[in-house]
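Here is the structure we will look at.
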C-alpha cells in the first residue's frame with residue numbers, strides 16, 4: 001500500500017493542492033488497494049470514470065484553475081445514494097441493473113467541490129440490517145478481523161475507510177447505520193441533525209429517520225466532508241431552511257461542558273467490556289459528568305421497528321416491476337406481475353420488514369401499533385429535549401456489543417435488531433450524533449448526542465474528545 | 001396477539017408478496033415473535049400524548065412554483081424492464 005493512503009483526507013487534499021501528488025496517482029493508488037483487498041467486499045461497483053475524472057482534474061488544476069476544496073480527492077459513496085451513470089443497486093436484486101439518470105444532491109455537491117466518485121459501497125439490502133450481510137453481493141468483512149462483521153448497514157463505507165480503500169465515505173443512518181459500522185471498524189461516523197443534509201437522491205427507507213452521514217478516520221475529516229454536503233435544498237422539502245454556516249475552526253473549551261451519561265446505555269443488554277471501556281473514556285474527559293436516566297432507551301427498538309417498517313412498507317411500494325426495477329417472468333396479469341416481481345426481487349430481511357410495516361398500518365391494527373409508536377416517539381423526544389436544557393451532550397456507547405461474528409445473528413432477527421438499541425433515539429428525535437473510537441485496542445465506540453441544529457458544537461467537542469482519548 | 005397463517009397471508013396480499021406453503025410456517029413463527037416484542041410499547045405511559053410523525057415540526061422548505069426542466073422521456077424510460085413508443089408497457093388490464 002502506498003504511504004499516502006494512510007494520510008488523512010485533509011492532508012491528501014493539501015498535497016493535491018500543492019501539486020505534490022496528482023489526482024491520477026492518488027486514484028490509481030486507491031484502485032490498486034481496492035483490488036488487493038477484494039476479499040473485504042467493501043465495494044459493489046468501482047466507477048469506470050474515476051481515473052478519467054482524475055486526469056481531467058489534473059489538467060484543470062494545471063491550467064491554474066481552482067478545482068474546489070476536494071481538489072480531485074476520491075470519495076466512496078454508499079450504494080443507496082444515486083450516481084448518474086453509475087449503477088446504484090441498494091445491494092438488492094430489485095435494483096441490480098439500475099443506472100440512475102441523475103445525481104443525488106450530495107453527489108452533485110461533491111463533484112462541484114472537486115471530488116471524484118471512486119465507487120459504490122456494499123451494504124445491507126435497502127439499508128435494512130446491522131451487519132452488512134444482507135447483500136446480494138455477499139457480506140462485508142471487518143478489515144480489522146475478517147471473521148467479524150463490519151456492522152451495518154453502511155458496512156462497506158466503514159470498511160473501505162478503515163482499510164484505506166478510500167479517504168472518506170458517505171453512508172446513511174436511519175437507526176444507527178453509519179455509527180454502528182463506524183464503531184465496529186474503529187473509525188468515526190456522524191449522523192447530522194435531521195434535515196441538515198439533503199436526502200434528494202438517497203433511496204428512501206424510512207423518510208422521517210433517514211439521514212446521509214459521513215464516515216472518516218478522524219473528526220476533522222468528518223467536518224471537511226460535512227461542510228461540503230450540508231445545507232438547504234429546494235428538492236428536499238424536509239431539508240432545513242436556515243442557511244448552513246461551514247465550520248471553520250474545530251476545538252472547544254471542553255472543561256465547561258456538562259455531560260449526561262445515559263444510565264440505560266450502560267445497563268442490561270450492554271456487554272461489560274463495552275461498559276468498562278466507555279465509562280473509562282468518559283471519565284478521562286475534563287468535563288463535568290452526571291448520570292441521567294432515559295428509560296425509553298429500553299423501548300427504542302420496538303418503537304423503531306414499528307415506525308421504520310411502516311414508512312418502509314410505503315416507500316418500497318414503488319418497486320412494482322414497471323418503471324425501473326427488476327421484473328419477474330411468467331406472470332399471468334398485472335397483479336401477478338407485482339407479486340412475482342416483489343417476491344423474487346426483495347431479499348428475506350426486506351420482505352420481513354415490509355410485512356411488519358404493512359401489518360402495523362393495516363386497518364384494525366393501525367391505532368394499536370403505529371399510532372402508539374408515534375406517541376412513544378414524542379415521549380422520547382420530549383424526554384431528551386428536557387435533558388438538553390441541563391446538559392450540553394449525552395454520552396453512552398454506540399453499540400451494546402463488540403463486533404460479532406459473520407453469520408452469528410443472521411437467523412435471529414430480534415438479536416440483530418438489538419444492535420441498534422443505543423443509536424435509535426437520535427434518529428427518533430432528529431438529533432445529531434457521532435461515534436468515536438473509545439479504545440485503541442478494541443472496536444468500541446463512544447457515542448455523543450447533541451441538541452438538534454448543534455452539529456457544529458458537536459463536531460467541535462468531538463474533536464477535543466478525540467484528542468483527549470488519543471493521549472490515553 | 002395471536003398471529004395466524006390467515007392473517008399473515010392477508011398482510012402478504014396487501015404488500016403484494018407471496019410466501020410458499022413451505023416457508024409460511026417458519027415465517028409466521030418469527031413474525032409472531034417480533035410482533036409480541038413490539039407490544040412492549042404498551043408498557044409506556046402514552047395517555048394524552050399526540051403522535052409525532054416527524055422530528056422537525058414547523059414550516060417546510062418550499063420553492064417558487066416555476067416551470068423547470070425535468071428528466072427527458074428517454075432518461076425516464078432508460079431503466080424500464082419493458083417499453084414501447086415512449087411508454088412503459090404493462091400486461092393488458094382491460095378486456
Estimated translational D of the range A:190-332 in µm²/s (Stokes, Kirkwood radius over Cα pairs; 25 °C; 0.890 mPa s): 128
Tail weight of P(r) past 16 Å, computed on alpha-carbon pairs of the range A:118-206, percent: 46
Over chain B, volume per residue of the alpha carbon convex hull, in Å³: 277
Spherically averaged projected area of the range A:1-131 from its Cα convex hull (nm²): 8.3
Sorted peptide list for A:438-449, B:75-86, A:170-181, criterion being average Cβ within 10 angstrom, highest first: A:170-181, A:438-449, B:75-86
Ordering of A:301-308, A:367-374 by packing [mean C-beta count within 10 Å, highest first]: A:301-308, A:367-374
Calculated log₁₀ intensity ratio I(q)/I(0) where the Debye formula runs over C-alpha points of the range A:51-126, q = 0.11, 0.18, 0.21 Å⁻¹: -0.31, -0.71, -0.88
Rh by Kirkwood over Cα pairs, then Stokes-Einstein D for the range A:278-403 at 0.692 mPa s and 37 °C, µm²/s: 182
Shielding by partners - mean other protein chain Cβ count within 10 Å, residues of A:99-105: 2
At q = 0.11 Å⁻¹, base-10 log of I(q)/I(0) for the protein assembly as shown (Debye sum, equal scatterers on each alpha carbon): -0.99
Mean Cβ count within 10 Å, highest first, over the residues of peptides A:66-78, A:312-324, A:237-249, A:265-277: A:66-78, A:312-324, A:265-277, A:237-249
Cα-based shape type of the range A:348-456, given that a ≥ b ≥ c are square roots of the gyration tensor eigenvalues and the cut on a/c is 1.5: oblate
Inter-chain shielding of B:78-88 (mean C-beta neighbours from other protein chains, 10 Å cut-off): 4
Bins of 5 Å from zero: percent of alpha-carbon pairs in the range A:3-229: 1, 8, 17, 21, 22, 16, 9, 4, 1, 0
Inter-chain shielding of A:356-368 (mean C-beta neighbours from other protein chains, 10 Å cut-off): 4
Over chain A: helical MRE at 222 nm, DSSP H runs n ≥ 4 each giving -39500 (n - 2.57), nearest 500: -11000 deg cm²/dmol
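FYI, it's all coordinate maths here, none of it is from the lab. Predicted model only: the values in this text are computed from it and were never measured. Cβ: placed from backbone, ideal geometry, glycine included. Neighbour counts: every protein chain shown.
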